[in-house]
Amino acid sequence: MWKSIPIYTDHDEKYRADSCKPLLDAAAAGHLELAVISHGHYPGHSLPAEVLPGLKMFGFWDARHEQNWGLQWHRNEGIEFTFLESGSVEFASPEQRHTLRCNDLAIVRPWQRHCVGSPCITPSRLHWLLLDVGVRRPHQDWKLPPWLVLSPADISEVTKILRQNEQLVWKTNPEIRRCFQALARLTLADSNGSNLSRIGLAVNELFLLILEMLRQQDVSLDDSLVTSRRTVQLFLDDLRAHPEHLELDWSIEKMAASCGLGVTQFIHHVKSLVNLTPLHYLVQCRIDFAATQLRKESAARITDIALQCGFGSSQYFATVFTRRMGCSPREYRAKNRSGS
């Protein structure tokens with residue numbers, strides 16, 4: 001039975017952990033073959049809670065013709081490995097865009113937004129595995145499930161490589177291809193948990209194979225990617241890039257908590273990064289977004305724009321806007337629409 005799409009909280013806002021509905025609708029309509037095994041509220045056939053905990057979801061799709069859907073921007077609750085067995089498909093993060101080809105492996109960390117399809121899915125056979133590593137932010141230490149039986153040294157090495165680089169797509173080898181194919185066969189053949197032991201063994205083998213693949217690559221490690229400063233930078237980038245965050249009822253305490261940091265450390269990083277206090281930066285983002293909305297050819301009321309940008313009243317919005325932009329919102333709109 002397919003279940004509702006999981007939702008979790010990040011930056012004080014609820015996110016869909018994966019945009020699965022278009023995929024499920026396509027499968028229900030017979031446009032592709034789909035097989036998924038999962039935990040919790042993820043779509044797919046459920047694993048018992050006590051079996052392979054942390055293995056959120058794995059499965060594959062086989063699309064034989066172009067589809068009229070794609071998986072829109074989303075984050076995951078863990079690290080996701082996406083392997084393309086055949087065909088091609090567009091795969092992107094905000095910083096990188098790729099066309100996945102045969103035997104490509106995309107690796108996405110929990111804090112990375114990504115999408116699949118541009119905007120639609122092309123003929124492809126795609127596998128994925130999502131593993132909860134107990135974090136949502138770059139500076140937090142990963143905790144891999146105890147049933148992964150790699151040696152402590154191997155666990156430490158693979159974790160370090162995956163955390164300290166953010167290369168999106170890797171070329172793999174026949175062994176990794178074979179392992180994903182084996183997981184697909186086990187998924188299709190599973191009956192009420194009959195293949196769970198073999199599935200666990202296959203995931204362990206896959207992790208070892210991925211580690212061996214990474215060892216053979218010229219992987220550039222950057223320890224700045226796992227610092228609290230990096231977490232704060234991503235938070236600030238999100239505020240500016242995603243206007244829906246601006247209307248939230250932020251306080252310094254909520255901002256710091258969203259980053260998993262204390263207030264003093266959070267303020268220090270913000271000041272270092274943007275030379276502003278957190279609340280001043282928030283107001284700046286809100287005013288900049290409001291200016292963008294005022295320049296649009298729309299009949300939106302200034303009061304509605306103020307509320308959309310997170311200001312409690314149009315009067316306060318007008319005061320702050322005038323102080324930063326040198327004219328009132330109404331005057332700004334008139335000047336920019338007239339081209340003067």
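Shown is the FRET efficiency for S224 and S118, computed with R0 = 41 Å from the Cβ-Cβ distance and rounded to the nearest 0.05: 0.85. Largest GNM mean-square fluctuation among R113, R177, R215, using the chain with Cα springs under 10 Å: R215. In the elastic network of the chain, a GNM with C-alpha springs shorter than 10 Å, the most mobile of R109, R323, R64 is R323.
Taking 0.36 nm per residue of separation and subtracting the Cα-Cα distance, full extension of the segment from N192 to V51 would add 49.5 nm. Geometric descriptor of segment 7-224, per residue, is 122 Å³ (volume of the convex hull of the Cα atoms). The GNM of the chain, with springs linking C-alpha atoms under 10 angstrom apart, assigns the highest mean-square fluctuation among Y316, Y42, Y281 to Y316. In terms of packing, defined here as the mean over residues of other Cβ atoms within 10 angstrom, the peptides 73-79, 186-192, 290-296 line up highest first as 73-79, 290-296, 186-192. Taking other residues whose beta carbon is less than 13 angstrom from the beta carbon of E157, and scoring Lys, Arg as +1 and Asp, Glu as -1, yields +1.
Screening the chain for DSSP H helices whose Cα atoms reach 15 Å or more along their own axis and whose mean Kyte hydropathy is at least -0.5 gives 152-163, 174-189, 196-215, 228-241, 263-274, 278-295, 314-325. Peptide packing: for 247-254, 162-169, the average count of neighbouring Cβ atoms within 10 Å per residue gives the ranking 162-169, 247-254, highest mean first. Pairs of Lys residues in the chain, spaced 8 or more positions apart or belonging to different chains, with C-alpha separations under 17 angstrom: 8 in total.
Quick note: the coordinates plus some simple rules give every number you see, no bench work behind them. Worth saying up front: this structure is predicted, and the values here are computed from it rather than measured. Cβ sites come from the backbone with ideal geometry, for glycine too, and all protein chains shown count toward neighbours.
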